[in-house]
Amino acid sequence: MSSVKHDVDGPKVAIVGAGAVGATFAYSLLIHGLTSQIVIIDVDKNRAEGEAMDLNHGVPFAYPTKIWAGDYSDCEDADLVTIAVDKGQRIEQSRLELAEGNFQIMKQIIPNVTRYNQECILLVVTNPLDVMTYAALKLSGFPKNRVIGSGTVLDTARLRYLLGEYLQVDPRNVHSYIIGEHGDSEVPVWSLANIGGIRLKDYCPICDVRYDLDDFNKLFLEAKNAGYEIIKRKGRTFYAVALGLTKIVESILRNENTVLTVSCLLEDYLGVSGICLSVPVILNRNGVKRVIELPLSENERSDFQKSAEIIKNVAHSIGL
Ligand code: NAD
(Lines give C-alpha, C1' and ligand atoms only; values in the text may rest on other atoms or scores of the structure.)
Protein backbone atom coordinates (compact mmCIF):
# COMPACT_ATOMS: atom_id res chain seq x y z
CA MET A 1 0.00 0.00 0.00
CA SER A 2 2.01 2.99 -1.19
CA SER A 3 1.53 6.58 -0.19
CA VAL A 4 -1.65 7.97 -1.79
CA LYS A 5 -2.71 11.55 -2.36
CA HIS A 6 -6.35 12.05 -1.42
CA ASP A 7 -8.40 14.82 -2.93
CA VAL A 8 -10.50 15.27 0.19
CA ASP A 9 -11.53 18.41 2.01
CA GLY A 10 -11.80 18.48 5.76
CA PRO A 11 -9.49 18.00 8.68
CA LYS A 12 -6.42 15.82 8.30
CA VAL A 13 -4.46 14.28 11.14
CA ALA A 14 -1.10 12.53 10.74
CA ILE A 15 -0.04 10.01 13.38
CA VAL A 16 3.64 9.11 13.59
CA GLY A 17 3.89 5.84 15.51
CA ALA A 18 1.44 3.01 14.81
CA GLY A 19 1.90 1.31 18.16
CA ALA A 20 -0.72 0.79 20.84
CA VAL A 21 -1.27 4.51 21.44
CA GLY A 22 -1.10 5.65 17.80
CA ALA A 23 -3.44 2.93 16.53
CA THR A 24 -5.97 3.37 19.35
CA PHE A 25 -5.92 7.11 18.80
CA ALA A 26 -6.65 6.56 15.08
CA TYR A 27 -9.54 4.28 16.05
CA SER A 28 -10.91 6.87 18.45
CA LEU A 29 -10.65 9.62 15.81
CA LEU A 30 -12.52 7.39 13.37
CA ILE A 31 -15.39 6.52 15.68
CA HIS A 32 -15.75 10.16 16.76
CA GLY A 33 -15.93 11.28 13.11
CA LEU A 34 -13.56 14.14 13.79
CA THR A 35 -11.38 14.00 10.69
CA SER A 36 -11.67 13.33 6.97
CA GLN A 37 -8.15 11.95 6.59
CA ILE A 38 -5.89 9.99 8.90
CA VAL A 39 -2.40 9.08 7.75
CA ILE A 40 -0.38 6.64 9.83
CA ILE A 41 3.42 6.67 9.59
CA ASP A 42 5.74 4.16 11.24
CA VAL A 43 9.27 2.91 10.70
CA ASP A 44 7.56 -0.50 10.70
CA LYS A 45 5.62 0.02 7.47
CA ASN A 46 3.90 -3.37 7.71
CA ARG A 47 2.47 -2.47 11.06
CA ALA A 48 1.18 0.90 9.78
CA GLU A 49 -0.37 -0.84 6.77
CA GLY A 50 -2.02 -3.49 8.92
CA GLU A 51 -3.53 -0.86 11.20
CA ALA A 52 -4.76 1.22 8.23
CA MET A 53 -6.39 -1.83 6.61
CA ASP A 54 -8.09 -2.87 9.83
CA LEU A 55 -9.35 0.67 10.51
CA ASN A 56 -10.62 1.08 6.94
CA HIS A 57 -12.78 -1.99 7.33
CA GLY A 58 -14.55 -0.17 10.17
CA VAL A 59 -15.35 2.91 8.06
CA PRO A 60 -18.79 1.55 6.97
CA PHE A 61 -19.74 1.44 10.66
CA ALA A 62 -18.37 4.90 11.46
CA TYR A 63 -17.85 8.02 9.31
CA PRO A 64 -16.44 8.60 5.83
CA THR A 65 -12.72 8.84 6.52
CA LYS A 66 -9.68 8.20 4.31
CA ILE A 67 -7.12 6.22 6.29
CA TRP A 68 -3.80 5.08 4.90
CA ALA A 69 -0.24 4.13 5.81
CA GLY A 70 1.91 6.88 4.41
CA ASP A 71 5.25 8.58 4.62
CA TYR A 72 6.35 12.00 5.78
CA SER A 73 5.31 13.70 2.54
CA ASP A 74 1.73 12.84 3.58
CA CYS A 75 2.11 15.27 6.49
CA GLU A 76 1.63 18.03 3.93
CA ASP A 77 -1.63 19.90 4.67
CA ALA A 78 -2.19 18.02 7.93
CA ASP A 79 -3.87 20.20 10.54
CA LEU A 80 -2.25 18.19 13.29
CA VAL A 81 0.71 15.85 13.45
CA THR A 82 0.79 13.56 16.48
CA ILE A 83 4.05 11.98 17.62
CA ALA A 84 3.35 8.65 19.35
CA VAL A 85 6.62 6.80 18.68
CA ASP A 86 8.70 4.93 21.21
CA LYS A 87 11.99 3.13 21.29
CA GLY A 88 10.50 0.46 23.56
CA GLN A 89 9.53 1.24 27.15
CA ARG A 90 10.65 -1.17 29.85
CA ILE A 91 8.64 -1.42 33.02
CA GLU A 92 11.60 -0.70 35.32
CA GLN A 93 12.44 2.54 33.52
CA SER A 94 10.94 5.77 34.79
CA ARG A 95 9.59 8.14 32.17
CA LEU A 96 12.60 10.37 32.62
CA GLU A 97 15.05 7.54 31.97
CA LEU A 98 13.54 7.15 28.54
CA ALA A 99 14.59 10.65 27.54
CA GLU A 100 17.84 9.92 25.75
CA GLY A 101 16.50 7.12 23.52
CA ASN A 102 13.33 8.88 22.48
CA PHE A 103 15.15 12.18 21.92
CA GLN A 104 17.24 10.44 19.25
CA ILE A 105 14.01 9.37 17.50
CA MET A 106 12.57 12.89 17.77
CA LYS A 107 15.69 14.24 16.06
CA GLN A 108 14.86 12.06 13.05
CA ILE A 109 11.12 12.62 12.98
CA ILE A 110 10.57 16.33 13.59
CA PRO A 111 12.72 17.57 10.64
CA ASN A 112 10.93 15.03 8.42
CA VAL A 113 7.57 16.49 9.42
CA THR A 114 8.59 20.14 9.15
CA ARG A 115 10.12 19.56 5.69
CA TYR A 116 6.56 19.03 4.44
CA ASN A 117 4.49 21.09 6.84
CA GLN A 118 5.35 24.35 8.57
CA GLU A 119 1.80 25.24 9.58
CA CYS A 120 0.50 22.27 11.54
CA ILE A 121 0.07 21.83 15.26
CA LEU A 122 2.46 19.28 16.76
CA LEU A 123 0.89 17.08 19.42
CA VAL A 124 3.40 14.98 21.36
CA VAL A 125 2.47 11.83 23.33
CA THR A 126 5.90 10.18 23.51
CA ASN A 127 7.42 9.94 26.99
CA PRO A 128 9.01 11.51 28.89
CA LEU A 129 6.27 13.77 27.72
CA ASP A 130 7.37 17.22 28.86
CA VAL A 131 10.96 16.78 27.73
CA MET A 132 9.84 15.39 24.34
CA THR A 133 7.38 18.30 23.91
CA TYR A 134 10.22 20.73 24.59
CA ALA A 135 12.39 18.78 22.14
CA ALA A 136 9.66 19.07 19.48
CA LEU A 137 9.43 22.82 20.10
CA LYS A 138 13.18 23.30 19.74
CA LEU A 139 13.62 20.93 16.78
CA SER A 140 10.67 22.37 14.83
CA GLY A 141 11.26 26.06 15.48
CA PHE A 142 7.45 26.38 15.55
CA PRO A 143 5.81 29.13 17.60
CA LYS A 144 5.02 28.02 21.13
CA ASN A 145 1.23 27.96 20.62
CA ARG A 146 1.60 25.21 18.00
CA VAL A 147 3.63 22.67 19.98
CA ILE A 148 1.79 20.86 22.75
CA GLY A 149 2.06 17.63 24.66
CA SER A 150 -0.84 15.56 25.95
CA GLY A 151 0.58 16.44 29.36
CA THR A 152 -1.49 15.78 32.46
CA VAL A 153 -4.76 15.52 30.52
CA LEU A 154 -4.63 11.78 31.26
CA ASP A 155 -3.48 12.11 34.89
CA THR A 156 -6.21 14.68 35.53
CA ALA A 157 -8.81 12.34 34.01
CA ARG A 158 -7.59 9.51 36.23
CA LEU A 159 -7.91 11.69 39.34
CA ARG A 160 -11.37 12.92 38.30
CA TYR A 161 -12.48 9.34 37.77
CA LEU A 162 -11.20 8.22 41.18
CA LEU A 163 -12.66 11.25 42.97
CA GLY A 164 -15.95 10.70 41.18
CA GLU A 165 -16.04 7.12 42.44
CA TYR A 166 -15.12 8.19 45.98
CA LEU A 167 -17.66 11.00 46.11
CA GLN A 168 -20.28 9.22 43.98
CA VAL A 169 -20.38 12.13 41.54
CA ASP A 170 -20.15 12.03 37.74
CA PRO A 171 -16.41 12.57 37.06
CA ARG A 172 -17.34 15.13 34.41
CA ASN A 173 -18.55 17.32 37.28
CA VAL A 174 -15.35 16.88 39.30
CA HIS A 175 -13.03 19.81 38.63
CA SER A 176 -9.63 18.94 40.00
CA TYR A 177 -6.41 19.37 38.11
CA ILE A 178 -3.02 17.73 38.17
CA ILE A 179 -0.30 20.07 36.93
CA GLY A 180 3.47 19.92 36.38
CA GLU A 181 5.27 16.90 34.97
CA HIS A 182 3.33 14.09 33.31
CA GLY A 183 5.05 11.71 35.69
CA ASP A 184 6.52 11.24 39.10
CA SER A 185 6.75 14.89 40.24
CA GLU A 186 3.25 15.93 39.16
CA VAL A 187 1.21 18.08 41.55
CA PRO A 188 -2.48 17.82 42.56
CA VAL A 189 -4.13 21.22 43.00
CA TRP A 190 -6.31 20.40 46.01
CA SER A 191 -6.73 24.04 47.02
CA LEU A 192 -8.84 24.72 43.91
CA ALA A 193 -10.57 21.33 43.48
CA ASN A 194 -14.33 21.79 43.35
CA ILE A 195 -17.62 20.10 42.68
CA GLY A 196 -20.60 22.11 41.50
CA GLY A 197 -18.60 25.28 42.11
CA ILE A 198 -18.03 24.36 45.78
CA ARG A 199 -14.48 23.78 46.97
CA LEU A 200 -13.81 20.19 47.98
CA LYS A 201 -13.37 20.95 51.69
CA ASP A 202 -16.76 22.72 51.78
CA TYR A 203 -18.47 20.22 49.48
CA CYS A 204 -17.68 17.17 51.64
CA PRO A 205 -19.63 18.18 54.79
CA ILE A 206 -22.61 19.35 52.70
CA CYS A 207 -22.80 15.93 51.08
CA ASP A 208 -22.00 13.88 54.19
CA VAL A 209 -18.57 12.80 52.98
CA ARG A 210 -15.55 12.91 55.30
CA TYR A 211 -13.02 15.53 54.16
CA ASP A 212 -9.72 13.82 54.72
CA LEU A 213 -6.75 15.06 52.73
CA ASP A 214 -4.92 11.79 53.45
CA ASP A 215 -7.68 9.88 51.67
CA PHE A 216 -7.59 12.31 48.75
CA ASN A 217 -3.80 12.05 48.56
CA LYS A 218 -4.13 8.25 48.36
CA LEU A 219 -6.40 8.77 45.35
CA PHE A 220 -3.83 11.12 43.86
CA LEU A 221 -1.08 8.50 44.30
CA GLU A 222 -3.34 5.93 42.65
CA ALA A 223 -3.86 8.32 39.71
CA LYS A 224 -0.15 9.13 39.51
CA ASN A 225 0.96 5.49 39.55
CA ALA A 226 -1.86 4.18 37.37
CA GLY A 227 0.36 4.02 34.28
CA TYR A 228 2.88 1.75 36.02
CA GLU A 229 0.12 -0.44 37.44
CA ILE A 230 -1.59 -0.88 34.06
CA ILE A 231 1.72 -1.60 32.31
CA LYS A 232 2.48 -4.23 34.97
CA ARG A 233 -0.78 -5.96 34.09
CA LYS A 234 -1.14 -5.56 30.33
CA GLY A 235 2.12 -4.11 29.06
CA ARG A 236 0.74 -0.84 27.66
CA THR A 237 -1.77 1.93 28.37
CA PHE A 238 -3.72 3.23 25.42
CA TYR A 239 -7.52 3.58 25.75
CA ALA A 240 -7.73 6.54 28.11
CA VAL A 241 -4.82 8.40 26.52
CA ALA A 242 -6.38 7.91 23.08
CA LEU A 243 -9.62 9.45 24.34
CA GLY A 244 -7.67 12.31 25.91
CA LEU A 245 -5.88 12.93 22.62
CA THR A 246 -9.23 12.89 20.83
CA LYS A 247 -10.54 15.55 23.22
CA ILE A 248 -7.45 17.69 22.53
CA VAL A 249 -7.93 17.31 18.76
CA GLU A 250 -11.64 18.09 19.04
CA SER A 251 -10.90 21.27 21.00
CA ILE A 252 -8.46 22.37 18.31
CA LEU A 253 -10.33 21.38 15.14
CA ARG A 254 -13.66 22.71 16.41
CA ASN A 255 -12.10 25.87 17.79
CA GLU A 256 -13.71 25.17 21.14
CA ASN A 257 -11.64 27.27 23.57
CA THR A 258 -11.55 24.25 25.88
CA VAL A 259 -9.59 24.29 29.12
CA LEU A 260 -7.22 21.31 29.26
CA THR A 261 -3.98 20.63 31.10
CA VAL A 262 -1.70 20.14 28.10
CA SER A 263 2.06 20.57 28.24
CA CYS A 264 3.38 23.71 26.57
CA LEU A 265 6.20 26.20 26.86
CA LEU A 266 5.90 28.23 30.04
CA GLU A 267 7.36 31.70 30.30
CA ASP A 268 7.29 33.49 33.61
CA TYR A 269 4.53 31.25 34.93
CA LEU A 270 4.59 31.26 38.75
CA GLY A 271 8.38 31.47 38.65
CA VAL A 272 8.80 28.87 35.88
CA SER A 273 10.26 29.68 32.47
CA GLY A 274 11.91 27.95 29.52
CA ILE A 275 10.44 24.44 29.84
CA CYS A 276 7.27 22.64 28.76
CA LEU A 277 4.99 21.62 31.59
CA SER A 278 1.26 21.12 32.11
CA VAL A 279 -1.04 23.79 33.46
CA PRO A 280 -4.61 24.58 32.39
CA VAL A 281 -4.62 26.31 29.00
CA ILE A 282 -7.33 27.44 26.61
CA LEU A 283 -7.07 25.39 23.41
CA ASN A 284 -8.53 26.39 20.07
CA ARG A 285 -7.79 26.35 16.32
CA ASN A 286 -4.50 28.16 16.91
CA GLY A 287 -3.37 25.70 19.56
CA VAL A 288 -2.66 27.33 22.91
CA LYS A 289 -4.66 30.54 23.01
CA ARG A 290 -3.91 31.38 26.63
CA VAL A 291 -2.14 29.87 29.61
CA ILE A 292 -4.24 30.25 32.75
CA GLU A 293 -2.34 31.34 35.84
CA LEU A 294 -3.59 29.41 38.88
CA PRO A 295 -3.79 31.01 42.32
CA LEU A 296 -1.91 28.08 43.93
CA SER A 297 -1.25 27.63 47.63
CA GLU A 298 2.35 28.16 48.79
CA ASN A 299 3.02 24.40 48.96
CA GLU A 300 1.50 23.74 45.55
CA ARG A 301 3.55 26.50 44.01
CA SER A 302 6.73 25.20 45.56
CA ASP A 303 5.98 21.61 44.42
CA PHE A 304 5.22 22.89 40.92
CA GLN A 305 8.56 24.73 40.82
CA LYS A 306 10.35 21.57 41.99
CA SER A 307 8.64 19.61 39.21
CA ALA A 308 9.89 22.20 36.70
CA GLU A 309 13.46 21.86 38.02
CA ILE A 310 13.35 18.08 37.60
CA ILE A 311 12.18 18.39 33.99
CA LYS A 312 14.75 21.10 33.26
CA ASN A 313 17.56 18.94 34.60
CA VAL A 314 16.55 16.04 32.37
CA ALA A 315 16.25 18.35 29.36
CA HIS A 316 19.71 19.79 30.08
CA SER A 317 21.19 16.33 30.62
CA ILE A 318 20.29 15.34 27.06
CA GLY A 319 21.59 18.59 25.62
CA LEU A 320 18.34 20.56 25.28
P1 NAD B 1 4.58 1.09 21.06
O2 NAD B 1 5.90 0.48 21.37
O3 NAD B 1 3.36 0.22 21.01
O4 NAD B 1 4.66 1.83 19.65
C5 NAD B 1 5.72 2.66 19.32
C6 NAD B 1 5.78 2.73 17.81
O7 NAD B 1 6.79 3.68 17.45
C8 NAD B 1 6.14 1.39 17.15
O9 NAD B 1 5.15 1.02 16.20
C10 NAD B 1 7.47 1.69 16.49
O11 NAD B 1 7.68 0.97 15.27
C12 NAD B 1 7.37 3.18 16.25
N13 NAD B 1 8.65 3.84 16.02
C14 NAD B 1 9.81 3.66 16.70
N15 NAD B 1 10.78 4.43 16.16
C16 NAD B 1 10.22 5.09 15.12
C17 NAD B 1 10.73 6.01 14.16
N18 NAD B 1 12.00 6.42 14.19
N19 NAD B 1 9.88 6.48 13.23
C20 NAD B 1 8.57 6.09 13.19
N21 NAD B 1 8.06 5.21 14.07
C22 NAD B 1 8.87 4.71 15.02
O23 NAD B 1 4.37 2.27 22.11
P24 NAD B 1 2.98 2.86 22.62
O25 NAD B 1 2.47 2.03 23.73
O26 NAD B 1 2.12 3.12 21.43
O27 NAD B 1 3.45 4.24 23.27
C28 NAD B 1 3.96 5.28 22.46
C29 NAD B 1 4.50 6.40 23.36
O30 NAD B 1 3.42 7.01 24.08
C31 NAD B 1 5.47 5.89 24.45
O32 NAD B 1 6.53 6.82 24.61
C33 NAD B 1 4.61 5.84 25.69
O34 NAD B 1 5.38 5.94 26.88
C35 NAD B 1 3.76 7.08 25.46
N36 NAD B 1 2.55 7.16 26.23
C37 NAD B 1 2.23 8.41 26.66
C38 NAD B 1 1.08 8.61 27.38
C39 NAD B 1 0.76 10.01 27.82
O40 NAD B 1 -0.20 10.24 28.56
N41 NAD B 1 1.54 10.99 27.38
C42 NAD B 1 0.24 7.53 27.69
C43 NAD B 1 0.58 6.26 27.21
C44 NAD B 1 1.74 6.09 26.48
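Where does the charge balance sit around Gly197 when Lys and Arg score +1, Asp and Glu -1, over other residues with C-beta under 15 Å from its C-beta? Result for the local shell: +1.
Note on the range 128-275: with neighbouring protein chains present and a 1.4 Å probe, carbon and sulfur make up 51 percent of its accessible heavy-atom surface.
Structure remark: mean-square fluctuation, Gaussian network model of the chain, C-alpha springs under 10 Å; the largest value among Ile292, Ile252, Ile83 belongs to Ile292. In this simple spin-label approximation, Leu221 and Ile292 carry label points 7 Å from Cα along the Cα→Cβ vector, and these lie 2.9 nm apart. The helix-only estimate of mean residue ellipticity at 222 nm for the chain, built from DSSP H runs of length n ≥ 4 each weighted as -39500 (n - 2.57), is -13500 deg cm²/dmol after division by the residue total. Applying 0.36 nm per residue to the separation of Glu100 and Arg233 and subtracting their alpha-carbon distance, the gain on full extension is 45.3 nm. With 32 Å as the limit, the listed pairs Lys87/Lys247; Lys12/Lys218; Lys66/Lys224; Lys289/Lys312; Lys45/Lys218 have Lys12/Lys218; Lys66/Lys224; Lys45/Lys218 beyond it between alpha carbons. Rg/Rh for the range 16-119 stands at 0.99; both radii use Cα atoms, and Rh follows the Kirkwood definition.
Taking the charge dipole of the chain about its Cα centre, with +1 at Lys and Arg Cβ atoms and -1 at Asp and Glu Cβ atoms, the residue from Ala20, Leu159, Val241 reaching farthest to the positive side is Ala20.
Between the residues Pro128, Val174, Ala84, the greatest Cα displacement towards the positive end of the dipole of the chain, with unit charges on the Cβ of Lys, Arg, Asp and Glu, is found for Ala84. In the chain, the longest principal axis of the Cα atoms and the axis of helix 239-253 are about 80 degrees apart.
Working value for the chain: equivalent-ellipsoid semi-axes of 32, 22, 18 Å, each the square root of 5 times a Cα gyration tensor eigenvalue, largest first. If a spin label sat at a point 7 angstrom from the Cα of Ile282 along the line to its beta carbon, the backbone N atoms of the range 136-176 nearer than 17 Å would be those of 145-146. For the range 132-194, taking the reciprocal of the average inverse distance between every pair of different Cα atoms yields a Kirkwood hydrodynamic radius of 13.1 Å.
The values are calculated or read from the model by the stated rules, or taken from the named source; none is laboratory data. In this text the structure is predicted, and so the values were computed from the model without any measurement. Reconstructed Cβ throughout: ideal geometry from the backbone, glycine too, with neighbour counts over all protein chains shown. These area figures cover heavy atoms from the full protein model, side chains too; ligands, DNA and RNA do not enter into them. Shrake-Rupley method; radii C 1.70, N 1.55, O 1.52, S 1.80 Å.
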